[in-house]
Amino acid sequence: MKMKQTVLPGLFFLLVVGIIARLIASVVPSVNYLIAAIVLGLVIGNVWGIPNWARSGVGTHKLWLKVGIVVMGAGMALDRVITAGSTVLLLVVTTVVMTIGVIELLARFVFPIHQKTGSLLAAGSSICGVSAVIAIAESISVRESRIAYAAATVLLFDAVTLFVYPIIGHALGLSDTVFGIWAGLTMFSTGPVTAAGFAFSEAAGQWALIVKLTRNSFIGLVAITYSVYYAGRVNADAASSVYQAWSFLWSTFPKFILGFLGMVLVANIGILSDSQITSLENMSNWAFLIAFVGLGLEIKLDEFRSIGYRPVLVVLIGMGIVATTMLLLVRTLF
Amino acid sequence: MINIVQASDTMFRRWENVETDRKAVCLGFLTLLIIVLGVPVP
């Protein structure tokens, strides 16, 4: 019964903090409960730390984010996914290519940093945050310290954009669709994108999720491109044969996206009643609540002190250019 | 006779080794099953 002893106390802890965050959000006007959950987790984690007995349960927060996303598929209208499909795909490809290009140029010529650190930052900014940094690091063999450095930079931007994006969205009076697509295209990790999207509105959250998951599915392709690029200098491994390339693509592909798509299909063939879909959405919201408490608890403000100013400038300017361009483009298209 | 404690311990150990993405898909569809069977989430 090891699992009961280790994971359950932490899960209970996440749930209690989540419920307190929900209560706070219901009392304080214009505070979204998902943002309240992250802030409360962040305060507890940085002031008192995570209690030892809760550690392994808190560590499951990424699982709950993914469960929430899979189940959220039930509330997604298939016609929306299909109608926007080709435009979203084009926007995602444009964003990924543009982000990699801009960050690589800035990291090489404007604020010179180590080439591979620049590549890790480009991957983290263009695809899906820390998981992209790790996937690309595996494909191009990078020193451990560079991975930690790039991951910390990406996490810093995750923590900041999570709060700044909804503020910008409201200040500019963006529609739910425009905000959701923009956040899904230009923010980094899946957790903060989901939180910022749903903090803005339900519809914005759904758009942000669709766009972000499309972007995440490019992780393998970008990792292979980088491994081929660096192969000439180091060693040819991941992309040395077609079979290896496909198996690498599959191994890096975020499989929970398939669960999300499966759920979209099941919900849209009409076997679920409205009340069942509402129940699934409620379940998804509970999963997000505990996931975001865990996300907040694991943001370590101390770790951001070790980041140098150059990587921060590279990502800040790169993100500024890409986010502004994409916002103009999305506003024109939708 | 099957030792239930030992069997569930083995099951949990196997579950712990499953990749997070696959766990998420399993739990997601388990939720769907529970709800389709008529137990709504509060």
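The values are calculated or read from the model by the stated rules, or taken from the named source; none is laboratory data. Since we're looking at a predicted model, the values are computed, not measured. Counting neighbours? That spans all protein chains shown, and the Cβs are built from the backbone with ideal geometry, glycine included. When the accessible area is computed, the model is the full protein with side chains, heavy atoms only, and any ligands, DNA or RNA have been set aside. Shrake-Rupley method; radii C 1.70, N 1.55, O 1.52, S 1.80 Å.
Numbers at a glance
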quantity: Whole-Å distance, taken between Cα centres, linking region B:1-22 and region A:25-65; calculated: 28 Å
quantity: Approximate spin-label separation residue B:37-residue A:321, in nm, with each point projected 7 Å along Cα-to-Cβ; calculated: 5.5 nm
quantity: Helical contribution to [θ] at 222 nm, DSSP H n ≥ 4, -39,500 (n - 2.57), averaged over the protein assembly as shown, rounded to 500; calculated: -25500 deg cm²/dmol
quantity: Calculated FRET value between residue A:52 and residue A:332, using beta carbons and R₀ = 56 Å, to 0.05; calculated: 0.60
quantity: Gaussian network model of chain A, Cα within-10 Å springs - most flexible of A:181, A:127, A:20; calculated: A:20
quantity: Reach of residue A:255 by Cα under 19 Å, taken over aspartates and glutamates that are not fewer than 8 positions away in the same chain; calculated: A:138, B:16, B:19, B:21
quantity: Overall form of region A:27-83 per C-alpha gyration tensor (a/c, 1.5; a/b vs b/c); calculated: oblate
quantity: Net lengthening on full extension, residue A:19/residue A:255 (0.36 nm per residue, minus Cα-Cα); calculated: 82.0 nm
quantity: Förster radius 30 Å - calculated FRET efficiency between residue A:83 and residue A:269, Cβ distance, rounded to 0.05; calculated: 0.95
quantity: Extended-chain gain in nm, criterion 0.36 nm per residue less alpha-carbon gap, residue A:277 and residue A:110; calculated: 55.0 nm
quantity: Computed E for residue A:246/residue A:43 - FRET, C-beta separation, R0 45 angstrom, nearest 0.05; calculated: 0.50
quantity: Sparse-neighbour loop sites [trypsin sites (Lys or Arg not before Pro); region A:186-295; at most 10 other C-beta within 10 Å; DSSP]; calculated: A:233
quantity: Between helix B:20-36 and chain B: long-axis angle, C-alpha atoms, 0 to 90°, nearest 10; calculated: 60 degrees
quantity: Carbon and sulfur %, accessible surface of chain A computed with the full protein complex present, 1.4 Å; calculated: 69 percent
quantity: For region A:2-333: accessible area per residue (Å², 1.4 Å); calculated: 42 Å²
quantity: Within straight-line cross-link reach of residue B:23, aspartates and glutamates at Cα separation under 20 Å, skipping those fewer than 8 residues along the same chain; calculated: A:281, B:9
quantity: Cleavage-rule hits, chymotrypsin sites (Phe, Trp or Tyr not before Pro), region A:20-99, DSSP coil, Cβ neighbours within 10 Å at most 10; calculated: A:48
quantity: Two-decimal Rg/Rh across region A:194-334, once Rg and the Kirkwood Rh are taken from alpha-carbon atoms; calculated: 1.03
quantity: Pairwise burial B:A, computed as accessible area of each alone minus the pair, summed, 1.4 Å, Å²; calculated: 2200 Å²
